[in-house]
Amino acid sequence: LAGAAADGLLALPLARLRGVFQAIATLAFVQIVLSLALYAEPLTGGAMGMNGLPRLVQGWHLLGVFALVLYLVFALSRGGIGRAFDTIRQEETVAVSLGIRVVRYHRLAFALSGAVAGLGGGVMAHRNYSLVPEDFGFPLLVSVLTFVVLGGRAAVLGPLAGAAVLTALPELARPLADYRLAVNGLLMVLFIVHLPHGVVDTLILQARRLRLAARQRAGEARA
C-alpha cells in the first residue's frame, strides 16, 4: 500500500511526460530517494541500512507471492485494463482516438508497479534480515531493464524469461559473476540491435506468422 501510494503521488507530475523524459525523471526520483535514505539516518539507518530484521519469509512464501503476482498480472493483461495498456504502448494517438484516458492509465500503471515493488521490498526485508539503500539503486534498475529487453515487454512471460536467463548466467559462467553489470549492458545493446522485440515476443510473433501462413495455404488448397 505504501508503494502504491508513493508511486501514485509520483505519477501526478510524471504521467504527463513521455518517452526519454519520463525515464530520466524516474531515474532522478530514484536518486532522490536514495539520498533521502542515506541522510535520514535516524529513520533508515543511513548507509548501514536496517539490520536485525526478523526472518519471517520462507521459500514457500516466495513461491506463493510469485504465483499470486503472476496470476494477477495475467488476469490484468486479459481484461480491459490490459488491452488499454497494450493500445497505449503500441500507439498513444490511436488510444486517444478510441477514447482511452491515457494520463489516467499512466497513473494506474505507476500505482500498480509501486504496489508490486513495495511487496517485493517487504518480502526481501524479511528474507535477508536487512535492507540497505544500495540494494535499490541504479544497478537494480539496469538489471530490471535488461530483463525486459532480453525477454520482451509485450508478453507477461517475457521479463520472467529474461530474469531467469540473466540470473542463471553468472552461475553457469562464474568468471563473469564479477562483471555482471557489464554483461547485462552488452546483452542489452546486442538485443536492442539484433532482437528488438526480445526472445519471448519474437517467438510469439514467429508462431503467429507460421499459423497465418498455414491458414493461407489451407485456404488456397481448398480453393
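The values are calculated or read from the model by the stated rules, or taken from the named source; none is laboratory data. From a predicted model like this one, the values you see are computed outputs, not experimental measurements. Reconstructed Cβ throughout: ideal geometry from the backbone, glycine too, with neighbour counts over all protein chains shown. Note: accessible area is taken over every heavy atom of the protein model, side chains too, but ligands, DNA and RNA are not part of it. Shrake-Rupley method; radii C 1.70, N 1.55, O 1.52, S 1.80 Å.
Report the extension gain between M124 and A2 in nm, rounded to one decimal, defined as 0.36 nm multiplied by the number of residues separating them, less their alpha carbon distance. Can you show the working numbers first?
Working: separation 122, 0.36 × 122 = 43.92 nm, distance 1.53 nm.
Here the answer is 42.4 nm.
Given a 1.4 angstrom probe, what's the average accessible area per residue across the chain, in square angstrom? Don't jump to the answer; show the numbers that get you there.
Numbers: 14790 Å² over 223 residues.
Computed with neighbouring chains in place, this is 66 Å² per residue.
Expressed in nm to one decimal, what extension gain is obtained for the pair T93 and L140 from 0.36 nm per residue of sequence separation less their Cα-Cα distance? Working shown, then result.
Working: separation 47, 0.36 × 47 = 16.92 nm, distance 3.21 nm.
Computed gain between T93 and L140 is 13.7 nm.
Tell me, what HN-Hα J-couplings in whole Hz come from the Karplus equation 6.51 cos²θ - 1.76 cosθ + 1.60 at θ = phi - 60° for each residue of the range 212-218, using x for Gly and Pro?
3J(HN,Hα) across the range 212-218, in whole Hz: 5, 5, 5, 5, 5, 5, 5.
Along the Cα-to-C-beta direction of H61, a point sits 7 Å from the Cα; which residues of the range 128-151 have their amide N less than 13 Å from that point?
128-130, by backbone N distance to the label point.
Considering only the other residues whose Cβ falls under 14 Å of the Cβ of R215, what net charge follows from Lys and Arg at +1 and Asp and Glu at -1?
Here the count lands on +4.
Calculate the FRET efficiency for L72 and R153 from the Cβ-Cβ distance with a Förster distance of 22 Å, rounded to the nearest 0.05. Intermediate values should be presented prior to the final figure.
Working: r = 18 Å, r/R0 = 0.81.
About 0.80, to the nearest 0.05.
Could you please state how large a percent of the accessible area of the chain is carbon and sulfur, counting protein chains only and using a 1.4 Å probe? Mind showing how you got there, number by number?
Details: 10320 of 14790 Å².
Carbon and sulfur: 70 percent of the exposed surface of the chain.
Report the FRET efficiency, 1/(1 + (r/R0)^6), for R217 and L195, where r is their Cβ-Cβ distance and R0 is 22 Å, rounded to 0.05.
Working: r = 27 Å, r/R0 = 1.24.
About 0.20, to the nearest 0.05.
Place +1 on the Cβ of every Lys and Arg and -1 on the Cβ of every Asp and Glu in the chain, take the dipole about the Cα centre, and give the residue among H197, L12, V149 whose Cα lies farthest towards its positive end.
H197
Just to verify a number: what accessible area does S97 come out at with the full protein assembly present, 1.4 Å probe, Å² rounded to tens?
S97 has an accessible surface of roughly 90 Å² with all protein chains in place.
Apply the Karplus parameterisation 6.51 cos²θ - 1.76 cosθ + 1.60, with θ equal to phi minus 60°, to every residue of the range 49-66 and state each ³J(HN,Hα) to the nearest whole Hz, in sequence, with x for glycine and proline.
Listing the rounded values in order: x, 9, 10, x, 6, x, 8, 9, 10, 9, x, 5, 5, 4, 5, x, 5, 4 Hz.
Mind putting a number on the dipole of the chain about its Cα centre? Charges go on the C-beta only, +1 for Lys and Arg and -1 for Asp and Glu, and I need it in Debye to the nearest 20. Provide the component values of the computation, followed by the final result.
Numbers: 19 positive and 11 negative charges, 208 e Å.
Dipole magnitude for the chain comes out near 1000 debye.
Using the Karplus equation 6.51 cos²θ - 1.76 cosθ + 1.60 (θ = phi - 60°), what ³J(HN,Hα) coupling, rounded to whole Hz, does each residue of the range 2-11 give in order, writing x for Gly and Pro?
With the stated coefficients, the range 2-11 comes to 5, x, 5, 5, 5, 6, x, 5, 4, 5 Hz.
Running a GNM on the chain with Cα contacts under 10 Å, which residue among A67, A125, A163 ends up with the highest mean-square fluctuation?
Evaluated over the chain, the most mobile residue of the options is A67.
Report which label in (i) 26, 20, 16; (ii) 35, 23, 18; (iii) 29, 21, 16 holds the value of semi-axes √(5λ) of the Cα gyration tensor in Å derived from the coordinates of this structure.
It is the one labelled (ii).
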